[in-house]
Amino acid sequence: MKFNQKLVVVALAAALPWVSSHAQSNADLLKQIEILKAQLEALTAKVEAVSKQAGAVNPQEFNRLVQKVDLAEEGSIASGFKGLKFKGVIEATYLNDRNSAATGFNKALGNGGYGGALFEVAKESEDSVGWTLRLMPLSGTGSIVHEASVAVPIGANGTKLIAGLVPDFSGYEYSAGNQNPLVTNNLLYANAASNYTGAGMSYVIGKSWTAKWMVAQVDGLASRKAPGFVYRADYSASEYSGLGFSGVHFRTNTAAVGGNADLMEIDAYHTRGDLTLQGQFSVGRLIAGGLDGSGGDAKWWGLSGLVGYKLTPRLQALVRADYINNRKNGGGLYFHPFGAAGAELDNTGVALDPSKGANLYALSAGFNYAVNANTQWKTELRLDHATGFNFIDSNGAFKKGNTTIGTSVVVSF
């Protein structure tokens, strides 16, 4: 690399004012100029050395490296691995409740089981067609397959055709343990549908709205002859807050309950800084589903709210409160959480008033500690209560409530 002599003169000229302020004679000035020239020559040599090293790459070696990268990418595409994603969750849970003789890991509590595992495989092709297969063994639902769905884009505005088996849309809580801060789920989660099997559409509406609907069999029971209609819409008010609403309308057509079922709910969240707020309001009815035998409808409504506050960046304190009003026609819910649905009972198991159902309450408090980015440690103390003696302990005695202590470790990737 050659430098123009004029460049050297300019550099020296720029340096002369500084040099002259320190030189005491012409001899000193000449000495300073020689030092600057030597430093400039050394810098030029270094630049030329770096330039030669950059140009010393063997073109054949470089081409072989590019070819290997291309072959690896082609092999990934041919094997179907491009766009493939894996997700896994394992939750080991220990529960001890006052009414049950059973205590231990992955113990079923009422209708639901806590703890378990999740394995998900998802893929999106180059034309943006996506599919998801999610397996959840030991989930307590009686089915290993939690989701088997496909989403096909229609147009360029985010509209998609969706089909297959998908989990329930409703509420602020999820099925996977790593998505819920406490060990157990709220009462409204336990009283919702589990899944839908059918087809529908999903939409992205502007910057704030998303929506989806399906015509589907609800909970996949063969005795339900007609498919139902399910839907959900979500509004993002900001990066911190949002709300959603959903509905499930179907004909049950089973001996256990009456005719049509309608489940609707609205939920909201606000998460900013250390504070997390989540809430849900649900209503439901079963036509001719009242448990008093009158042929009247079972009707209920419920509330659930959760408050979380981070005491440290890793440690979150949590409180959740749930309530279900179940008085109409002897009570009756879509599911009967914790065996407490039905008419209020006295301490001998006899209905105080067959026309009035028992209301349900639950209060949970606990901590969630982030061991690392992929591991959570949860603890929870839960108090369940009914307006009647609608809980039964392991000795057959009727109780008004139950106390549960639980802890779990959740590992995910």
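A few points about this structure:
- Residue tally, condition surrounded by fewer than 20 Cβ atoms within 10 Å (Cβ to Cβ) and part of a loop (DSSP other than H, G, I, E, B), over region 269-325: 13
- Evaluation of GLY171 against (1) in contact (Cβ under 8 Å) with a residue 24 or more places away in the chain; (2) small (Gly, Ala, Ser); (3) on the phi < 0 side of the Ramachandran plot; (4) outside any strand (DSSP E or B) (one fails), failing number: (3)
- Selected residue [out of contact with any Ser or Thr (no Cβ under 9 Å at 6 or more places or on another chain) and either charged (D, E, K, R) or buried (at least 18 other Cβ atoms within 10 Å of the Cβ) (or both)] from GLY155, GLY171, GLY198, GLY164: GLY198
- Of all residues making up region 98-120, the number that are surrounded by 20 or more Cβ atoms within 10 Å (Cβ to Cβ) and at pLDDT 85 or above: 1
- Test: residue in region 76-90 that is modelled with pLDDT of 70 or more, buried (at least 17 other Cβ atoms within 10 Å of the Cβ) and either assigned by TED's automatic domain parsing to the domain that holds GLN376 or not charged (D, E, K, R) (or both): yes
- Residue that is nearest to SER202 (Cα to Cα) [pool: residues in region 120-133 that are outside any loop (DSSP other than H, G, I, E, B) and in contact (Cβ under 8 Å) with a residue 40 or more places away in the chain]: GLU124
- Any hit, region 391-400, residues being in a loop (DSSP other than H, G, I, E, B), under 29 Å from ASP297 (Cβ atoms) and of a type in the set (Ser, Thr, Tyr): no
- Residue in region 350-366 that is more than 18 Å from GLU173 (Cα to Cα), in contact with a strand residue (DSSP E or B) (Cβ under 7 Å, 6 or more places away or on another chain), in a strand (DSSP E or B) and at pLDDT 95 or above present: no
- Just one of the listed residues (ASN374, ASN395) is in the same structural domain as GLU344 (by TED's automatic domain parsing), surrounded by fewer than 19 Cβ atoms within 10 Å (Cβ to Cβ), in contact (Cβ under 8 Å) with a residue 12 or more places away in the chain and farther than 17 Å from LEU360 by Cβ, namely ASN374.
- Among (1) modelled with pLDDT of 65 or more; (2) in the same structural domain as SER408 (by TED's automatic domain parsing), the one test that LEU71 misses: (2)
The values are calculated or read from the model by the stated rules, or taken from the named source; none is laboratory data. Owing to the predicted nature of the structure, the values given are computational and were not obtained by experimental measurement. No Cβ is skipped: glycine too gets one built from the backbone with ideal geometry, and neighbour counts run over all protein chains shown.
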